[in-house]
Structure formats: C-alpha cells, structure tokens
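Here is the structure we will look at, set down as structure tokens.
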Amino acid sequence: MVNYGIKYWANDDFIIEEGKVKVNHQSKPALIDIVKKVREEVDKLFSSFEDSIKEYHYKGKFKAVFPLKVNHYPNFVLPLMEIAKNRCYGLEAGSKSELIVAMAYTNENAPITVNGFKDKEMISLGFIAAKMKRNITLTIEGLNELETIIEVAQSMGKPYPNIGLRIRLHSTGVGIWAKSGGIHSKFGLTATEQLQAVSMLKKNKLLDKFTMIHFHIGSQISDISPLKKALREAGNIYAELRKMGAKNLSSVNIGGGLAVEYTQFENYQNRNYTLAEFSEDVVFMLKEIAKNKKELEPDIFIESGRYISANHAVLIAPVLELFSQEYDETSLHLKEKNPPLVEELVDLYHTINEQKAIEYLHDSLDHMESLLTLFDLGYIDLQDRSNTEVLVYLIIKKVIQVLRHKNHHEIITIQEQVQERYLLNCSFFQSLPDYWGLKQNFPVMPIDKLHKRATRSASLWDITCDSDGEIAFDKNTPLFLHDIDVKNEEYFLGFFLVGAYQEVLGMRHNLFTHPTELSIVFDKKGDWVIENLLEAQSVLDVLDDLDYDTKEIERRLKQLLEDSREISEESKKEVLGQLYVMLSENGYLRTVFKSEGEKA
Ligand SMILES: *Cc1c(COP(=O)(O)O)cnc(C)c1O
C-alpha cells in the first residue's frame, strides 16, 4: 500500500507533499494545520454531465438536488447552497423536517424534490411551498399519496406543486445498499399503478402537473450495468407515459447511487466506472430511447448525495496511547533466579539479529504460550508472568526494528501476530457508523510524519467501552503506522471520505456525541480561514438531550459533596469548581504532554 493508496481514493482532492497530507486546492493547506475541505464535487458533477450533453447534442437539461438525509448539518448545507447559486441545484427532502430545511434554504427557482412516505400534513406543506413560489415536486410513492394530493388540491387550490411518480423497476441494484430497487422494493408504483395514476390525474385535471418520473436503485452503485438496465426500463416508461397524454412529463430523475472510491488497495476497488462514463451512459441511453420512441429528450435529474458530500469531511483523531508502549526495560523486574523459559526469553532478547529475527520471534511467542500455561497450573508467579509479557513485547519491538527496512509484504506475516494497538480519541459508533454496521472501510492514514517509514502493523481502538469499537488489522488490507512516543509527541490519524451518512447516522454510544467540527473556507486569494467552529457537546448538554433534569443532577452532586466527610470543608469549593468545569466540557478525553502541560 504505497502512500496509503491515496491514488485510488483521493480523486486528486488530497496529495502528499513534504511528508504531509494536503488539500489539493489553491494554497494547498496541510491537514495537520487545518481540518475540512469544501466544494468541487458539485463542479465535477455538473461539468461531466454538461460535457456529455454537448457531446451527444442532447436537448434536455441537467438538474440536480442534494438529498438532505446524506448530511443535514448546516455547516455543510448552507455553504452548498451558496456554491449552487448559479446552477440548477436544489435539495431533496424525505421527511417533514428535511422539507422545512429545503423550503428555507433552496435558492430561488432551484428544484426541491420530496421523496419517501408522506401524510396529509406533509403534502399540505408541499402545497404551501408551491404558494411560496418554491419549485417543488412531490414524488408519490403509492396511489394513496396521490389520493391525498387530489384531496389537498381541492381544499387548498392553486398553485399546485409538481407531481412526480416513483416507478418500481424490475431491475435491481448491486452491493450492500441495493435494496432500493427491484420488484419487491419498499418504494414505487408498479406498471398497473402507473396507469391508474395517470387516469386519476387526468380525471382530476392534474395531469399537466405531472412532470417527473423517479427511481433510485440504491447507494454506492459499484457496477454500472444495473444502472444501464434501470435507465432502459425507466426511459421506456417515460416515453410510454408521454404517449398516454402526460405531455408535461419532461424529467427523468435517476436518483442517487453514484459511487465513491473508498479503497486504499489496488485489488479492492469499489467502482468499475468513472464519472465521465456514468454521465455519457445516462445521456446516450436516454437519447436513444427518445429517438426510437420519437419523444422529447427528457431533462436529467440526479440526486447524488454520497458522491457530492463524502470527501468534504475528514475525521481527525489524536492517538492517545500505544498499547505496548507501556513496556520498556524499566518495567522488567527479573529475580535472582527465574524460570528457565524466562531466562531463555532474556537470552533471545539480547541476541536478536537480522538473520535470526523471525525465528526468535516465533520462539518467544511459543515460550509465552508455555509460560502462560505454567501460570495457570500454578508453577510460576505473577511477577514471572509480568516479566514474560514485558520480554515478549521488547522482543517484538526489537524484531520490528531490525527488520524495518524490509518491505511491508515480507514483514506482514510476523506483524499479523504482533500488531500494535492504537487508542484513538473518537467513537467509531458516532463518527464511522457504517464501519460498525456494514463493515464499510474508510481510507485512514497519519496526517504527517509521512517522510518517515511506518513500521508497525496497527489495529485501531476507539474510546468506547465496546469491543466492536475496533478496526482490526487485516493482512489483506494492512495498515502500518509509525512507532511514536505518545507522551512526548502528537500523532493524528485522518479518516477520509466521511462526509456522507456518517455523523448524521452516528449514535451516541457511551454518550460520545459528534466531535468538535470546523469548516475551512478559501478566500479569493486562495488563503484559508477557519469558520463555523462547533464544539462537541458538553456533558450537561448531552444529558439534557436525553431529557435528564440537569438542574437536578447538579443539585444531587452538590448535596453529595456537602455531605461528604472525606473532603475537607476548605477543599469542597475547589472540588465543586472542578465538577462544574467537567460538566461544561465535552466528554472526549484530554491528553497530557510531559513537555507542554495540558492540551485538549
Ligand atoms: C438516499 C437517496 C439518495 C442518495 O443516494 P446516494 O447514494 O447518497 O447518492 C438519492 N435519492 C433517494 C430517493 C434516496 O433515498
């Protein structure tokens, strides 16, 4: 994995220079100095489709919406709408709360689409949006929703929102998020229901508001062929519905699903197409169908979420501890007379050299097994056991040291047995929930010290008390990190491409909430500034969100303190002060450096 596979997943958004990961934009700031990256994917998406439209002399337009469920944080959505100002780019909503955000923040004339299940209240909200001159399309998921729309239209009157139909395709998607397509999918109208819908619209004089058909075959489409199949099916449905009199039907909304390349390894790529291929296929396919059926070339609507937002966010987590680093020669307390196997370990430790390194490593692991058995049987004591632990760790370190110039492939087998565990000040449940739930990997690498060779095979632990909070070492997709002295130097890992679905899906396991967030904004000269600093929630706020009575908690703690006889009267005030500070700070851990004193 040369340079942590940056050429596969970074999409030219990040580069390595001077041993640092840098944002490949304008002044190229290094991540070690800053934290977030904005923009650019929108430009890439629009220009790719615009190029394909030009290439094929396609008559329809390209339009897009960002699906709010992928990332609804204001620090993302508001700047996105700013970027979208001179484009036909709006928001997609799937719930009442999302619809309110879309109504408030979509730019004038930019589209709003509403998918998902809707009740009468939500449909009425869509009508209110139309009366506010919002360019809104309500996509119906079933005929009962259409009945409600007809009802609301009668009571609320014109102007009406546009109406879209979600169609149920027989083609299915691929990958872990494929459930959105197929004949048994949760969403969409069957062919029979589509015919019924058209006749209901006709009968209620709403057919002229029917402007869009929609499908979504699932997120992270790894293979382009199911999308092509779906497009062929949807294109034909579009043409057929127009022939039935839906003369204002002018848009085919192909949903989301444009994939992000997450891999750091050549042999594990997640996507078999480029953006250019994707846009060409879509434009070409719809052009062909329109030509064959002698219908208008439709506007192409896309609802890409993951592709637009994944790369804007990087999770940066400080390393708090290296598990084996606790052990150095001073932890060794050998006795006058040690068990023979412990003596052997001492001998191995002192005589390791390059030729014998792997042999000695295996010997020492064997000895450890035997010594642990001897302990279980009562033949050696706890001090002997501790000496065993320390010696084996020292041997591992020395082996890795003498073999450090070998390439990773050669040392992987030994490293698999002797990984270092890096404890990170973050929660995978909160910040990488798709890793926990779906085993989706995210690119991870240190954000500086990259001019030095990383020699330790690493597994990563978060600070939750849950054994699932671990990213284990995998010899097929190995991660190597630097051997650092955490007491004296800072070391940060960056998790990349975490801007889609992660913090928004994150769960407060152990009551860790979102980490401190900030945005990096580039000005016209290319310099960058930090904006929108949002601290992680304080302990009191977290408890308040869970509906604890925080005043009551404060009262109880104060009372317990007053009643305590273990704390002197003079120092009670100080302890109370400490308690209040802790309650007002966030729940993540603080690191202490020998040299610099306290740091957050
Ligand atoms: C989730 C969703 C999207 C976004 O999909 P991505 O894979 O993130 O691009 C788009 N449209 C609909 C209807 C969705 O449910």
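The values are calculated or read from the model by the stated rules, or taken from the named source; none is laboratory data. Predicted, not measured: the structure shown is a model, and the values here were computed from it. Please note: Cβ atoms are built from the backbone with ideal geometry, for glycine as well, and neighbour counts cover all protein chains shown.
A compact table of results
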| item | result |
| --- | --- |
| Filtered residue count, region 105-115, keeping only those that are in contact with a helix residue (DSSP H, G or I) (Cβ under 9 Å, 6 or more places away or on another chain) and either buried (at least 24 other Cβ atoms within 10 Å of the Cβ) or under 13 Å from residue 68 (Cβ atoms) (or both) | 5 |
| Every residue from region 524-537 that is touching a strand residue (DSSP E or B) at 6+ places or on another chain (Cβ under 7 Å) and under 20 Å from residue 26 (Cα atoms) | 528, 529, 530, 531 |
| Conditions (1) under 22 Å from residue 306 (Cα atoms); (2) outside any loop (DSSP other than H, G, I, E, B); (3) out of contact with any Ser or Thr (no Cβ under 9 Å at 6 or more places or on another chain); number of the one not met by residue 112 | (3) |
| Selection count where residues are on the phi < 0 side of the Ramachandran plot, part of a loop (DSSP other than H, G, I, E, B) and of a type in the set (Lys, Arg), scope region 276-310 | 1 |
| Filter result for residue 116 (modelled with pLDDT under 95, within 16 Å of the ligand (Cβ to nearest atom), within 28 Å of the chain's Cα centre (by Cα) and not basic (Lys, Arg)) | yes |
| Qualifying positions in region 312-323 - buried (at least 24 other Cβ atoms within 10 Å of the Cβ) and either more than 30 Å from residue 522 (Cβ to Cβ) or within 16 Å of the ligand (Cβ to nearest atom) (or both) | 312, 313 |
| Hits in region 372-386 - residues which are under 14 Å from residue 337 (Cα atoms) and among the acidic types (Asp, Glu) | 381, 384 |
| Tally, over region 119-154, of residues that are more than 20 Å from residue 167 (Cβ to Cβ), within 16 Å of the ligand (Cβ to nearest atom) and among the small types (Gly, Ala, Ser) | 0 |
| Residues of region 31-55 classified as farther than 19 Å from residue 75 by Cα and at pLDDT below 80, total | 2 |
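The rows are residues; the columns are (1) touching a Ser or Thr at 6+ places or on another chain (Cβ under 6 Å); (2) modelled with pLDDT under 95; (3) surrounded by 23 or more Cβ atoms within 10 Å (Cβ to Cβ).
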| position | (1), (2), (3) |
| --- | --- |
| 200 | no, no, no |
| 209 | no, no, no |
| 263 | no, yes, no |
| 267 | no, yes, no |
| 270 | yes, yes, no |
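For (1) modelled with pLDDT of 95 or more; (2) buried (at least 21 other Cβ atoms within 10 Å of the Cβ); (3) under 30 Å from residue 110 (Cβ atoms); (4) of a type in the set (Asp, Glu), each residue gets a yes or a no:
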| residue | (1), (2), (3), (4) |
| --- | --- |
| 274 | no, no, yes, no |
| 292 | yes, no, no, no |
| 301 | yes, yes, yes, no |
| 325 | no, no, no, no |
| 328 | no, no, no, yes |
| 357 | no, no, no, no |
| 372 | yes, no, no, no |
